[in-house]
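Data block below; observations after.
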């Protein structure tokens, strides 16, 4: 098969969507498929490059918001270029913005089979576009309808969780659909002994440790995470690791300083790919405060690494985090309740061990090999069904 993915973000900018698609692209290419990605360029120039066995069409783009995001210029032209050059059997789109939206529109017009993968919630706008935040309740249904209208142009829609798919169905999704997890590569993320060398490199003390890694943007609600720290420290002498980068990092570092907890918190930025899986070995619990996750790849990675999970009771996180089995849930946006959940896990070693084992069992249900199997079967089916429809609709000759 020839599969073309459309992305609005791509390395060096990293987010959950780009990570999941990169893994898919690399995994399917390793299985012998021809794979390509069309994505913004890190510069104001078009180019084509090879990454992990697949092709990347880089589209000239302008930087916005510092180095965190890039906006493609003339996305319709870029979409046409990639489609006409690669000639895919199946087109895969995700976030309904700019480049991905342009590829979806042109691919639909040209009759390509299109698979859409759920990847966002309207809450993203409320957290990242401050002027519309007061209107959140008024425009929520309208935004969901806009998102759903985009996915209704696809031939098949994939929800990365049942929750993600239900959001769309509840707001008018009419297309055939299924659930396929983003998955987690269990050969990469697995329980391992504490990496003392990495701990020394990062300056992580040997104490009960709470970890978060991921984007540090507004919708992740990391201010709640940081505000929970003093409440945890009232009960347990712990350390806290915040990994990743984003628009909120500087303000989070300032908040840590204002709260007088700088010696208890280590910001580690991005790690090298060979170091990253080992960061989970330095933690006793993984905590995530984001209320707008449709799955959370990093939570899957933490679970696969055998860490108990503390998560906001919101979005799709309760599908992965089962109270009393592999972790604890807390009320979203409530730092005191988050601290209560963290203390509950950290303060009971026997329960913490049981939760870690439960997290590993949950992660095994999301084996990435199973994800690739699901997409291979889906792309084959969608391509065949679209071909049959086009042949039925074609006029007879002769």
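The values are calculated or read from the model by the stated rules, or taken from the named source; none is laboratory data. Quick caveat, the model's predicted, so the values are computed rather than measured. For neighbour counting, all protein chains shown are included, and Cβ atoms are generated from backbone atoms with ideal geometry for every residue, glycine included.
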Which residue is nearest to residue 108 (Cα to Cα), if the candidates are limited to segment 164-180 and must be touching a helix residue (DSSP H, G or I) at 6+ places or on another chain (Cβ under 6 Å) and in contact (Cβ under 8 Å) with a residue 40 or more places away in the chain?
168
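Test residue 10 against the criterion of being in contact (Cβ under 8 Å) with a residue 12 or more places away in the chain, in a loop (DSSP other than H, G, I, E, B), more than 24 Å from residue 384 (Cβ to Cβ) and touching a strand residue (DSSP E or B) at 6+ places or on another chain (Cβ under 6 Å), and give yes or no.
Values: in contact (Cβ under 8 Å) with a residue 12 or more places away in the chain: yes; in a loop (DSSP other than H, G, I, E, B): yes; more than 24 Å from residue 384 (Cβ to Cβ): yes; touching a strand residue (DSSP E or B) at 6+ places or on another chain (Cβ under 6 Å): yes.
Yes; evaluated as a whole, the condition is true for this residue.
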Residues of segment 181-212 being surrounded by fewer than 22 Cβ atoms within 10 Å (Cβ to Cβ) and under 15 Å from the mean Cα position of the chain (by Cα), in sequence order, are 185
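Among the strands (runs of 3 or more DSSP E) confined wholly to segment 237-307, which include 1 or more residues that are on the phi > 0 side of the Ramachandran plot and under 20 Å from the mean Cα position of the chain (by Cα)? Outline the logic, then answer.
Numbers: elements: 239-243, 265-269, 285-288.
In segment 237-307, 265-269 are the strands (runs of 3 or more DSSP E) which contain 1 or more residues that are on the phi > 0 side of the Ramachandran plot and under 20 Å from the mean Cα position of the chain (by Cα).
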Restricting the search to segment 13-31, which residues are crowded, with 20+ Cβ neighbours inside 10 Å and without any contact (Cβ under 8 Å) to a residue 40 or more places away in the chain?
18, 22, 25
So which of 115, 38 is under 24 Å from residue 164 (Cα atoms), assigned to a strand (DSSP E or B) and either under 24 Å from the mean Cα position of the chain (by Cα) or at pLDDT below 95 (or both)?
115
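I'd like to check something: does segment 353-365 contain any residue that is outside any helix (DSSP H, G or I), modelled with pLDDT of 95 or more and surrounded by fewer than 24 Cβ atoms within 10 Å (Cβ to Cβ)? Give the derivation first.
Start the filter on segment 353-365 by keeping residues that are outside any helix (DSSP H, G or I), which leaves 365.
So of that shortlist, the ones also modelled with pLDDT of 95 or more come out as 365.
If we keep only those that are surrounded by fewer than 24 Cβ atoms within 10 Å (Cβ to Cβ) as well, we get 365.
The answer is yes, given that some residue of segment 353-365 is outside any helix (DSSP H, G or I), modelled with pLDDT of 95 or more and surrounded by fewer than 24 Cβ atoms within 10 Å (Cβ to Cβ).
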For residues in segment 248-270 being crowded, with 16+ Cβ neighbours inside 10 Å and in contact (Cβ under 8 Å) with a residue 60 or more places away in the chain, which is farthest from residue 187 (Cα to Cα)?
266
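Restricting to segment 61-88, what's the tally of residues that are over 13 Å from residue 5 (Cβ atoms) and either crowded, with 20+ Cβ neighbours inside 10 Å or within 24 Å of the chain's Cα centre (by Cα) (or both)?
14
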Here's a check for you: in segment 311-327, which residue that is out of contact with any strand residue (DSSP E or B) (no Cβ under 9 Å at 6 or more places or on another chain) and at positive phi is modelled with the lowest pLDDT?
324
Quick check, is residue 235 more than 29 Å from residue 118 (Cβ to Cβ), surrounded by fewer than 19 Cβ atoms within 10 Å (Cβ to Cβ) and modelled with pLDDT under 95?
no
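Here's a check for you: in segment 152-180, which residue that is assigned to a loop (DSSP other than H, G, I, E, B) and under 16 Å from residue 119 (Cα atoms) is nearest to the chain's Cα centre (by Cα)? Explain how you work it out, then say what you get.
Quick first cut of segment 152-180, residues assigned to a loop (DSSP other than H, G, I, E, B) only: 152-155, 160-161, 171-176, 180.
From the residues that got through so far, the ones that are under 16 Å from residue 119 (Cα atoms) too are 152-154, 160-161, 171, 173, 180.
Values: 152: 22, 153: 23, 154: 21, 160: 10, 161: 12, 171: 22, 173: 22, 180: 14 Å.
Selected residue: 160.
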Is there a residue in segment 219-227 that is surrounded by 21 or more Cβ atoms within 10 Å (Cβ to Cβ), assigned to a strand (DSSP E or B) and touching a helix residue (DSSP H, G or I) at 6+ places or on another chain (Cβ under 6 Å)?
no
